[in-house]
Amino acid sequence: MDGSVCAVPGLRIRKLTSTFGAQIDGVDLRQPLSNETFTTIQAALVEHQVIFFRAQDLTEAQHRALADRFGLPGVYPPARLAGKTDDMSYIEDNAESPPKADDWHTDISWAAEPPKIAILNARIIPEHGGDTLWASLFAAYDGLSPTLQAICARLSVRHHPGADFLEKLKRSKQFGPDIAERLAAEFPPAVHPLVRTHPVSGRQALFVSGFMDQIVGMSRAESDLLLGYLKSRIEDPNLQVRWRWRPFDVAIWDEASTNHRALSDHYPQLRRVRRCTIEGERPFYRPVSPNET
Ligand code: SIN
């Protein structure tokens, strides 16, 4: 792995693949970050889409302080409906609570304004398994032919929590049937462009997610066929980065340009992570050149 030294003394950014993902060393996220260090990290996130830091044993307050630098931390909608106001959520897998995030998705894409960034701090990591995968939606878009890119750019997709997610919510000890019902009522399908322009870099992403329901204006069969193909693009390992967690690692990812999937191959071992998401804006599509639709 090539290392690249930055203007910030001691901070080193190493790419994990030629596609995306980087590990940042030489920074202590428990301490307040100087503006220069934060700007470097923020730029690295825009460039690499997901960045990793080893061994950062953050308290909730330190985790929140880091999140605050990126924007406004949001409360996970099911937790908000359960009356909670805490913007930190814990995802715990154990023998009684099997893993629930082993599907490709971008978080809460069923909201009209899905989160822009997520910050995860590993608290308890199993001895084996339990890695997380990310896929680059920029690379997925770039890999399509110009003809299919142009077709996709004209399409919008309805995103919805979906039967599987609501069923998991219904069965969970934390939430249960009442929250699942209220969530479904509060979140009617959100319509998002299939090609999403990144609000900072302007790059185009193929905005797929496990929460997609149907392409607007297509029959169910047409939509399933096209979305099935597009979703299959992120199964290509060359578009992915995989993180083997160690206790207290931090991952920060760009929700607009990635999907992630937390594997369940550690079950029934205990795995506990703390996550905070940063509120985002309504996804949009902006053509790069006037010739694009
Ligand atoms: C998620 O945010 O979907 C979970 C990620 C993880 O537990 O690695």
Among 15/116; 84/170; 100/170; 15/168, the pairs whose Cα-Cα distance exceeds 24 Å are 15/168
Along the range 251-263, Karplus-curve 3J(HN,Hα) (6.51, -1.76, 1.60; θ = phi - 60°) to the nearest Hz, with x for Gly and Pro, reads 10, 10, 10, 8, 6, 6, 10, 9, 10, 9, 8, 8, 5
Note: residue 244 to residue 154 extended length (0.36 nm per residue) minus current alpha-carbon separation gives 28.6 nm
Amide H contacts under 5 Å for residue 213, restricted to residues at least 5 apart in sequence or on another chain and with H modeled in the peptide plane, are 158, 159, 160
The ³J(HN,Hα) series, computed from each phi in the range 115-129 with the Karplus coefficients 6.51, -1.76 and 1.60 at θ = phi - 60°, rounded to the nearest Hz and given as x for glycine or proline, is x, 9, 9, 10, 10, 10, 10, 6, 9, 10, 10, x, 5, 9, x
Output ordering of 137-143, 85-91 (per-residue mean of other Cβ within 10 Å, highest first) is 137-143, 85-91
On each of the three principal axes the extent of the alpha-carbon atoms of the range 1-100, given in whole Å and largest first, is 45, 30, 22
For the range 74-86, Karplus-derived ³J(HN,Hα) couplings (6.51, -1.76, 1.60; θ = phi - 60°; whole Hz; x for glycine and proline) come out as x, 8, 4, x, x, 5, 4, 5, 8, x, 8, 10, 6
The answer for residue 194, listing residues at least 5 apart or on another chain whose modeled amide H is closer than 5 Å to its amide H, is 155, 156, 157
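Pull out the extension gain between residue 224 and residue 272, defined as 0.36 nm times the separation in residues minus the alpha carbon to alpha carbon distance; nm, one decimal.
Working: separation 48, 0.36 × 48 = 17.28 nm, distance 3.45 nm.
Fully extending the segment from residue 224 to residue 272 adds 13.8 nm.
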quick shape note, the range 43-157: Cα extents on principal axes in Å, largest first -> 48, 35, 35
Two pseudo-spin positions, 7 Å from Cα along C-beta at residue 127 and at residue 35, lie apart in nanometres by 5.0 nm
With label points set 7 Å from each Cα along the Cα-to-Cβ direction at residue 89 and residue 284, the distance between them in nm comes to 2.7 nm
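In percent, what relative contact order does the chain have, based on Cα pairs under 8 Å that are 6 or more apart in sequence? If you can, show how the numbers build up before the last one.
Numbers: 601 pairs, mean separation 99.5, N = 293.
Relative contact order of the chain: 34 percent.
Calculate the translational D of the range 127-190 in whole µm² s⁻¹ from Stokes-Einstein, where the hydrodynamic radius comes from the Kirkwood formula applied to all Cα pairs, the temperature is 10 °C and the viscosity 1.306 mPa s. Don't skip to the answer; put the middle values down first.
Numbers: Rh = 15.2 Å.
The diffusion coefficient I find is 104 µm²/s.
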Note: probe point = Cα of residue 232 + 7 Å toward Cβ; backbone nitrogen < 17 Å; residues of the range 114-146 passing the test are 140-141, 143-145
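Quick one: compute a quarter of the convex hull surface over the Cα atoms of the range 114-227 and quote it in nm². Show your work: numbers first, answer last.
Details: hull surface 39.7 nm².
So the mean shadow area of the Cα hull is 9.9 nm².
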Quick note, the chain: a/c under 1.5 would make it rounded; otherwise a/b > b/c is prolate and the rest oblate (a ≥ b ≥ c, C-alpha gyration tensor); here it is oblate
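Computed from the coordinates by the stated procedures, all read-outs in this text should not be read as laboratory data. Please read all numbers here as calculations on a predicted model, not as lab measurements. Cβ atoms come from the backbone with ideal geometry, glycine included; neighbour counts cover every protein chain shown.
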